[in-house]
Structures are given as structure tokens and as C-alpha cells.
Amino acid sequence: MNWVKKGKIFSPNSNYDWMHHYAAQVSAIELDDFIRIYFTTRSKLNNEGNYETKITFIDCDKEDPSKIIYTHNKPLLSIGNPGTFDEHGTMMCEILFHENKYWLYYLGWQRSTIVPYITTLGLAISDDGINFNKVSEGPVVGLNRFSPFGVAKTSIIVEDNTFKMWYTHYNSWVPIDSNYRPTYDIRYAESKNGLDWDFQESICIFPSHDNEALGAPCVRKINNEYHMWYGYRENLNKGEKYKMGYAISKDNKTWTRQDNINTIQSSETGWDSEMVCYPYILELKDKTIMFYSGNNYGKEGFGYAQIK
């Protein structure tokens, strides 16, 4: 696949206090007349210097996704009650249209005392793709014996009546300077109902060394093979920039990592000159699009590339 960058689509410019900056972790779905792009945004800092994250969406032209038709004017989900898994924010993971409803998987997060945060996976469902209701006050994948440190960005598809999920699995936090930095790999789980998950023992994509982190997968099945795009950073240095990786598998058990092909690189200048991360592949009838976020984890917004 030969990806050609097409440019930036959206970046908040203090649109609202709750959509002050940052647009990342994109998931998209094709509707009859347009593409709907769901994403995570961050609020204005409060008096304590903290922010909340919210999920919202924009609608874009199918022929030219850089043409925004509509920007939603409120968050799709409220933050959770004090003490719940999403009390400090919600972040976008995956959108599915399944059984005539929209299933929105999202991360909830809580600030922590020693490590900066803990993230786990929630689910909300909608009839129209706009008005969502959380299925529970607790997460559908919380801290457990398979994921004692939490989970992060996931990719979910439904195949043969089975929900298949590739997810960012947190490993141990490593002390760096006066803070902690996470390490993670990519693992797999499946479910019959989208709520109760059977965790597999094997790791899909192994870090190449102890300090490498891999996460934010996007998986598509193309011509009877599984293709995975993901982000990775090579070490724990605070200034390390994410790059985009790629792997392929015939059976979803053995993955071959091929980071040197089928990805995009940082540009020489501009909004994605330092980082490309959070890839999301949308297959349309006549083209395939990759949405991705740019510098500083999406602080400067998201854009897209297209197969030439």
C-alpha cells in the first residue's frame, strides 16, 4: 500500500471550554452521505492545572474529508461520578454499527497518586450515533488478573458473531526523573456479547526491547489476512516521539512486524512534523483512508492519508 498524505482535517481552537485543545484517538464510520469522525478532546485547564477529556465528533465530506460539514457542539458522554473509572474523562476507542445500534467503546481514566493515571475500558450504545447511554457505571474491562495495570486504546471488529479486540496492555510503570512512564504491548481478547471478554495468554506484538512501548492498534482483515497499524516509541525518554508501525498475520496468532512498510512518516514541517500516532483505517467503497493524529499526541489535531 502506498499512502499519500492529504493534510490536516481538524484542530480545536478554543471552540468551547470543554473542547479547548487536542484532537486525537480518532474512530470513524461511513454513513449514507458523509463520514462521521469521533475523537477525543481536552478541556481548558482548571485552577489546579488539570484538564478533563471528552468525546465528540465532526461530519466530513466523503470525497474530501478535509471539508467539515458539521462540528458537534457538546460532549457525547458525561464524566463519571467521583470514584468511578471515568471520573476524570472519557477517551475514544472504537465505534461499531452492530445489530442496528452504534457501539462506542471508550477509555475512562482516573488520576492516581504515584503513577499519573489509570485507564480502563467502557461501553456506550446509541440508536442514532449521537445520543449515547453508558451500559454501566463500571468498566467492561477493568483492572484484572490479566491486566493489573490497565488497558488503553483498542481496535474491535465483529467477525463470525465474535467480537475480536486488540488492545494496548499496560505493563509496569518505570520511574523516570521525578515521574513514572508507562510501558505496554499489544494483546488480544474476544467476546460473544461485547461485554464479557475472554483474554488470551499470548502477546500479539512484542516490544523489541524492555524500554519500547507499542500501543493504539488498528486491525483490519483484508484478503483473508489481518493487518495491524499501531504506534510505538523506542525508549522511555520523555521527549521520545511516536512513530507508526505495521504488522501482518494470517491466523491472528503469529504476527510479523514490518515497520518499514505500509506506514506514514513524520513530515518535514507542520502539524505532523514531530509525531504520527493513533492510526485508524476506514475502508470506503472506492478508497481506503487512514486518519491519524500529529504532534504532541494530537495537540495540533488530526488529518488523513489515502492509498494512492
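The values are calculated or read from the model by the stated rules, or taken from the named source; none is laboratory data. What you see is a predicted model; the values in this text were computed from it and never measured. For neighbour counting, all protein chains shown are included, and Cβ atoms are generated from backbone atoms with ideal geometry for every residue, glycine included. The area values use the complete protein model at the heavy-atom level, side chains included, leaving out ligands, DNA and RNA. Shrake-Rupley method; radii C 1.70, N 1.55, O 1.52, S 1.80 Å.
Summing Cβ point charges (Lys, Arg +1; Asp, Glu -1) relative to the Cα centre of the chain gives a dipole of roughly 420 debye.
With both labels modelled 7 Å from their Cα along Cα-to-Cβ, the residue 117 to residue 267 distance reads 2.6 nm. Near residue 2, once Lys and Arg are set to +1 and Asp and Glu to -1 for all other residues with Cβ below 15 Å from its Cβ, the sum equals +4. Report, in whole Å, the centroid distance computed from the Cα atoms of the stretch 163-195 and the stretch 28-58. Between the Cα centres of the stretch 163-195 and the stretch 28-58 lies a distance of 22 Å. Rounded to 0.05, the FRET efficiency of the residue 127 and residue 258 pair, given R0 = 35 Å and the Cβ-Cβ distance, is 0.30. The Kirkwood radius of the stretch 83-202, taken over pairs of alpha-carbon atoms, gives through the Stokes-Einstein law at 4 °C and 1.567 mPa s a diffusion coefficient of 87 µm² s⁻¹. Note on the stretch 152-204: antiparallel DSSP beta bridges, both residues inside, total approximately 100 percent of the bridges counted. Sites listed here are GluC sites (Glu not before Pro) in the stretch 132-220 whose DSSP assignment is loop and whose Cβ has at most 13 other Cβ atoms within 10 Å: 137. With 5 Å bins beginning at zero, the pair-distance distribution over Cα atoms of the stretch 258-308 amounts to 5, 21, 28, 24, 15, 6, 1 %. Distant-in-sequence amide contacts of residue 80, defined by a placed amide H-H separation under 5 Å and a gap of 5 or more residues or a different chain, comprise 86, 87, 88, 89. Note on residue 251/residue 193: beta-carbon distance plugged into 1/(1 + (r/R0)^6) with R0 of 25 Å gives a FRET efficiency of 0.55.
Once backbone amide H atoms are built at 1.01 Å from N, residue 184 has 171, 214 as its partners under 5 Å, excluding neighbours fewer than 5 places away on the same chain.
So which of 6/54; 101/164; 5/153 end up more than 20 Å apart by C-alpha?
6/54; 5/153
Need one word for the stretch 50-104: rounded, prolate or oblate. Basis is the Cα gyration tensor (sqrt eigenvalues a ≥ b ≥ c); a/c below 1.5 gives rounded, then a/b vs b/c decides. Oblate is the answer for the stretch 50-104, as a/c is 1.5 or above yet b/c matches or exceeds a/b. Entry note, the chain: the mean residue ellipticity at 222 nm calculated from DSSP H runs of n ≥ 4, each adding -39500 (n - 2.57), is 0 deg cm²/dmol after division by the residues and rounding to the nearest 500. Other residues within the sphere of radius under 12 Å centred on the Cβ of residue 19, judged by their own Cβ, net out at +2 (K and R +1, D and E -1). Where Lys and Arg each count +1 and Asp and Glu each count -1, what net charge lies around residue 105 among other residues with Cβ under 12 Å from its Cβ? Here the charged neighbours net out to +1. Taking all protein chains as shown and a probe of 1.4 angstrom, residue 74 keeps an accessible surface of around 110 Å².
Looking at the stretch 236-286, the GluC sites (Glu not before Pro) that sit in a DSSP loop and have at most 14 other Cβ atoms within 10 Å of their own Cβ are 268.
Normalised size of the chain, defined as Cα radius of gyration per 2.2 N^0.38 Å with N residues, equals 0.93.
Couplings for the stretch 186-203, taken from phi via the Karplus curve 6.51 cos²θ - 1.76 cosθ + 1.60 with θ = phi - 60°, read 10, 10, 9, 8, 9, 8, 8, 10, x, 10, 9, 10, 9, 8, 8, 7, 7, 8 Hz in order; Gly and Pro are left as x.
Bridging of residue 243 to aspartates and glutamates at a Cα separation below 15 Å is possible for 185, 212, 234, 259, 268, 272, 274, once same-chain residues fewer than 8 apart are set aside. Ranking 158, 81, 50 by how far each Cα lies toward the positive end of the dipole of the stretch 1-160 (charges on Cβ) leaves 50 at the top. Listed peptides 44-50, 217-223 appear in the order 217-223, 44-50 once ranked by packing, highest mean of other Cβ atoms within 10 Å at the front.
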